[in-house]
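To start, the structure itself, in structure tokens.
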Amino acid sequence: MTTAALPLLRRTRVASSVIPGFAPALGFTLFYLSLVVLLPLAALLLKAAGTTFEQWGRILGDSRVLSALGLSFGGAFAAALINAVFGLLVAWVLVRYSFPGRKIIDALVDLPFALPTAVAGIALTALYAPNGWLGRHLEPLGLKVAFTPLGVVVAMVFIGLPFVVRTVEPVLQDVDLELEEAAASLGADRLQTFFRVILPAIAPSLLTGFSLALARAVGEYGSVIFIAGNLPGVSEIAPLLIITKLEQYDYVGATAIAAVMLAISFTLLLAVNLLQKWRRARMGA
Amino acid sequence: MSNHAIREPVAVRWTLTAVALGFLALFLALPLAAVLTEAFAKGWGAYLRALATDVTLSSIRLTLIVAAISVPLNVVFGLTASWAIAKFDFRGKSLLISLIELPFSVSPVISGLIYVLLFGLQGLLGPFLAAHDFRVIFAVPGIVLATIFVTFPFVARELIPLMEEQGREEEEAALTLGASGLRTFWLVTLPNVRWGLLYGVLLCNARAMGEFGAVSVVSGHIRGLTNTMPLHVEILYNEYDFVGAFAVASLLALLAVVTLAAKTALEWWHRDELTATSH
Amino acid sequence: MTRSLLIDDIRQILLPLVVAVLAAMTLAWAIPGARAAEPRTLLNVSYDPTRELYQAVNDAFIKSWKAKTGEDIKINQSHGGSGKQARSVIDGLEADVVTLALAYDIDAIADKAKLLDGKWQGRLGYNSAPYTSTIVFLVRKGNPKQIKDWNDLVKPGVAVITPNPKTSGGARWNYLAAWGYELNRTNGDQAKAEDFVTRLFKNVPVLDSGARGSTVTFAQRGLGDVLLAWENEAHLALQEFGGGFEIVTPSLSILAEPPVTVVDKVVDKRGTRAVAEAYLQFLYTPEAQGIIAKNFYRPRDPEAIRLTTSAFAPVKLFTIDDVFGGWRKAQAEHFADGGVFDRISAAKK
């Protein structure tokens, strides 16, 4: 994989820079990347490549596999949307307004990065179970969170939140206030200024945050299995299915699902990075 | 923000703040509170007793070892990768960045699985390793490898945008003035990104200590030998030792809160420099 | 801002890193060396509910081994879902002995990794299962839904908690016990049995991946009216969660025989065969059988059975060999992908 990528990675503007160390830096980067990420992943793809076309069809045509993939990607999409909206709001409040304890709350945003996912799952289940602090009050309203697909989304929102807040925050800090003033003096109200001036400026970072939150939530396992209920076809996520297949010694099935998830996630990340590059190029021009 | 025209009405500000804080309370503060409540459900004595057992201490030790190996390696990688990506132009940069970010989106379960496929007895290298009596999975090396994989992008991802934003002028100036490349990196680049680096290290470390899914697949779950803290939490929980489980969990949560608070304090302390160096 | 200040700051960041790397390398180097000086170890890879049992058994065996040979040994334990544990052994977890929930998982180790003889089950007494258990119901205090037997579980409005048969050994016993009950009632009508189990799983709101997860869901989270559990798990839950529950023993259930065996290739490589075999034989001694009964497993030793009859409710038991033709057949028919359980899950929707 590395050797194929090398011509692509050839430096384009050699003459224009006096900065040294390109070859060793890129060399080491590629070496470490290959060793830690690409080689192990290649082992996975190799295993998956040994799967016949017919096996692929049988594994991926299984309604249980399809609904698990659907839940993982659908739930992750919903969670990433919620995070995009509320993450933007949180970033906005943290950047633009001052209130007591703002610093502490700012630090708290990173909690999902640091808390082990299993602990997060157990804590969320304890909260949202029918006899939990929150579940107790939601149950009479007919709202069941724990052990339903809704619980899956809640766990995914938890783990994805910092991605959006942390990517939007610095950009929001840099938004030029003069532009907003100009918009205001031209008669735009706050809402118009937000949608016409601020949102376009932070949209790329919001998109990055959204895609990272999405990608992270798709593969999430530890926090979700505790709260999901794990009913086949209803609240069973794809990573659990991989584990299930592994435990039945079905390595082919496990690697096939893993390969599909990997391909979709990578395409997603690549698309977002290309989009950002295209935007930078357009803005630079 | 003195200009009246670009401020929202007080009512709007209050509502937005209230909604944002409510959301954070619901999703972040409450789970944290639940962990602490359970941990201290039977008081301080039970909490400390739960932590002082041999197996718990050995899980703490293993977690520290794993983080002490994987974090520095990823820091070195993060620095070189961001140097290569931010200071030079080359084709395929988006692809490279996407590949670096890939472990973010690989399910932890898959991250464990790949090492099983590679080093497991039925895997590609497994028979060779077994013949030479060298154990990777179900031993410390496997846990370290899985942790490195999972925390791989954290430092690089913090540094790449930061270095890109800061441009190359300062380095170019230093180099034209006769400084060596290494000296330039040491004296110009590194100071400029140190806050991002610090933040990346903290996140990388927190994730390294807290990783569950990937480590669970390669650990073998041997009590006192290959259980990291997150795995030990699960084991205690499965033994109906809820105080013990949440006590260990609270240590990890505490670690997160303390490191993040330390970072905030450091930033506040050095805020003069910070405004001087930031652009 | 001066340069030197910056350098100080860099040192502050980098110095700890360098120290950490050196410390880590020393530690990584020191660990294998330190291990050599420790006493000989055995690794027992077991399934979830046996934690308390083997804690007690290990203590007793270490004492007995010391008395017999003068050697100090250490026994390491690994617990998890039975299938997951078997897979770990297949993938290279060096277990000297495996003590799993069902014979199929040990068969898998013999088949897929060739780590032990395919005829392992004849090596020790009672099908290599030194203790047995069965499947019972745990209900809430006072039995508000009046659950007495298997047919009460399929009634509308009864929520049944069981782990996932795909991932949990205990859940497979649950499933087969229900199937066997209906088969017995209808004089062997397989279609009726499938319909019965389908209706039972319609009443299941949560499928945890392991037996312990289900117990927590039922006892701690307050979900469901009845938990299908190992008899020993049900007793343990009564002990751990207090008086809020009672055990209901159905009229007919399955004889669960959790087997044990030595992993030949591992013990020969590590030179632990003698102690590993002694460890498993110890399970059949009156001392261990007493510990087994105390941990709510049904002992095999007639004397231990006589002493503990009061602890175990009488129940008619059938075996998997009689009703399902053994584990391999049951696994292929019911739990493999595309098997009956998949059909039942699909019908649920």
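The values are calculated or read from the model by the stated rules, or taken from the named source; none is laboratory data. Predicted model, so just to flag it, every value in this text is computed and none were measured. Positions of Cβ are generated from backbone atoms using ideal geometry, with glycine treated the same way; all protein chains shown enter the neighbour counts.
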(Q) Checking the conditions here, which among A:LEU214, A:LEU246 is modelled with pLDDT under 85 and either assigned to a helix (DSSP H, G or I) or surrounded by 24 or more Cβ atoms within 10 Å (Cβ to Cβ) (or both)? (A) A:LEU246
Q. Can you name the number of the only condition in (1) closer than 26 Å to B:THR264 by Cα; (2) more than 8 Å from chain B (Cβ to nearest Cβ); (3) among the hydrophobic types (A, V, I, L, M, F, W, C) that A:ALA146 fails?
A. (1)
Q) What about A:ALA42, is it small (Gly, Ala, Ser), modelled with pLDDT under 85 and in a helix (DSSP H, G or I)? A) no
Q. Of the residues B:ILE143, B:ILE148, which single one is under 24 Å from A:ALA217 (Cα atoms), at pLDDT 90 or above and more than 11 Å from chain A (Cβ to nearest Cβ)?
A. B:ILE143
**Q.** Selected residue (criterion: surrounded by the most Cβ atoms within 10 Å (Cβ to Cβ)) from residues of region B:117-137 that are closer than 27 Å to B:LEU96 by Cβ and aliphatic (A, V, I, L, M)
**A.** B:LEU117
Q. If you take the residues in region A:11-22 that are surrounded by fewer than 16 Cβ atoms within 10 Å (Cβ to Cβ) and in contact with a helix residue (DSSP H, G or I) (Cβ under 9 Å, 6 or more places away or on another chain), which one is modelled with the lowest pLDDT?
A. A:VAL14
Q | Criterion: among the small types (Gly, Ala, Ser) and farther than 30 Å from A:PRO149 by Cβ - qualifying residue of A:SER185, A:SER205, A:SER235 | A | A:SER185
Q) Filter region A:177-225 for residues that are within 8 Å of chain B (Cβ to nearest Cβ) and either in contact with a Gly (Cβ under 6 Å, 6 or more places away or on another chain) or among the β-branched types (Val, Ile, Thr) (or both); which is farthest from B:VAL233 (Cα to Cα)? A) A:THR193
Q.
Test of understanding: among B:ARG168, B:ARG183, which residue is among the basic types (Lys, Arg) and either in contact (Cβ under 8 Å) with a residue 40 or more places away in the chain or not assigned by TED's automatic domain parsing to the domain that holds B:LEU102 (or both)?
A. B:ARG168
Q: For region B:84-91, indicate whether the set of residues that are crowded, with 18+ Cβ neighbours inside 10 Å, among the charged types (D, E, K, R) and closer than 30 Å to A:LEU69 by Cα is non-empty.
A: no
Q. What number of residues in region A:256-285 are more than 9 Å from every other protein chain (Cβ to nearest Cβ) and touching a Ser or Thr at 6+ places or on another chain (Cβ under 6 Å)?
A. 1
(Q) Just to be sure I understand the filter: pairs with C-beta atoms under 6 Å, separated by 6 or more residues or on different chains, first member in region A:85-113 and free of Cβ contacts under 8 Å to residues at least 24 places away in the same chain and more than 22 Å from B:THR259 (Cβ to Cβ), second member of a type in the set (Asp, Glu) and outside any helix (DSSP H, G or I). Which pairs pass? (A) none
Q | Given (1) part of a helix (DSSP H, G or I); (2) within 17 Å of A:VAL37 (Cα to Cα); (3) at the interface with chain A (Cβ under 7 Å from one of its Cβ atoms); (4) over 16 Å from the mean Cα position of the chain (by Cα), index of the condition B:ALA84 fails | A | (2)
Q: Confirm whether C:LYS166 is surrounded by 24 or more Cβ atoms within 10 Å (Cβ to Cβ) and either assigned to a loop (DSSP other than H, G, I, E, B) or not aliphatic (A, V, I, L, M) (or both).
A: yes
Q) Which residues, counting only those in region A:107-125, are more than 7 Å from chain B (Cβ to nearest Cβ) and either touching a Gly at 6+ places or on another chain (Cβ under 7 Å) or of a type in the set (D, E, K, R) (or both)? A) A:GLY121
Q: Inspect all residues belonging to region B:138-161 and state whether any of them is at positive phi and surrounded by 15 or more Cβ atoms within 10 Å (Cβ to Cβ).
A: yes
Q. Of C:ILE135, C:ILE62, which residue is modelled with pLDDT of 95 or more, away from every other protein chain (no Cβ under 13 Å), in contact with a strand residue (DSSP E or B) (Cβ under 7 Å, 6 or more places away or on another chain) and within 19 Å of C:PRO163 (Cβ to Cβ)?
A. C:ILE135
**Q.** region B:13-36, subset of a type in the set (Phe, Trp, Tyr) and at the interface with chain A (Cβ under 7 Å from one of its Cβ atoms), residue nearest to B:VAL257 (Cα to Cα)
**A.** B:PHE27
Q | In region A:33-48, the residues that are closer than 19 Å to B:ALA84 by Cα and either in contact (Cβ under 8 Å) with a residue 60 or more places away in the chain or surrounded by fewer than 21 Cβ atoms within 10 Å (Cβ to Cβ) (or both) | A | A:SER34, A:LEU35, A:VAL36, A:LEU38
Q) Inside region B:237-250, can you point out the residues that are more than 10 Å from chain A (Cβ to nearest Cβ) and modelled with pLDDT of 90 or more? A) B:VAL243, B:GLY244, B:ALA247
Q) Is there a residue in region A:126-147 that is among the small types (Gly, Ala, Ser), under 30 Å from A:ARG196 (Cβ atoms) and surrounded by 19 or more Cβ atoms within 10 Å (Cβ to Cβ)? A) no
Q) Mind checking which residues of region C:178-216 are part of a helix (DSSP H, G or I), of a type in the set (Asp, Glu) and touching a residue at least 24 places away in the same chain (Cβ under 8 Å)? A) C:GLU182, C:GLU194
Q: Inspect all residues belonging to region C:170-188 and state whether any of them is touching a strand residue (DSSP E or B) at 6+ places or on another chain (Cβ under 7 Å) and surrounded by fewer than 22 Cβ atoms within 10 Å (Cβ to Cβ).
A: yes
Q.
I'd like the full set of residues that are among the hydroxyl-bearing types (Ser, Thr, Tyr) and either surrounded by fewer than 17 Cβ atoms within 10 Å (Cβ to Cβ) or free of Cβ contacts under 8 Å to residues at least 24 places away in the same chain (or both), limited to region C:314-346.
A. C:THR319
Q: Write out, first by first residue and then by second, each pair whose Cβ atoms fall under 9 Å of each other, whose residues are 6+ apart or on separate chains, and whose first residue, in region B:212-241, is at positive phi while the second is among the polar types (S, T, N, Q) and part of a helix (DSSP H, G or I).
A: B:GLY220/C:SER88; B:HIS221/C:GLN85; B:HIS221/C:SER88; B:GLY224/B:SER58; B:GLY224/B:SER59; B:TYR240/C:THR215
Q) Is one or more of the residues making up region A:70-89 assigned to a loop (DSSP other than H, G, I, E, B) and facing another protein chain (nearest Cβ under 7 Å)? A) no
Q) Within the group A:VAL234, A:VAL197, which residue is surrounded by 17 or more Cβ atoms within 10 Å (Cβ to Cβ), in contact (Cβ under 8 Å) with a residue 12 or more places away in the chain, assigned to a helix (DSSP H, G or I) and not small (Gly, Ala, Ser)? A) A:VAL197
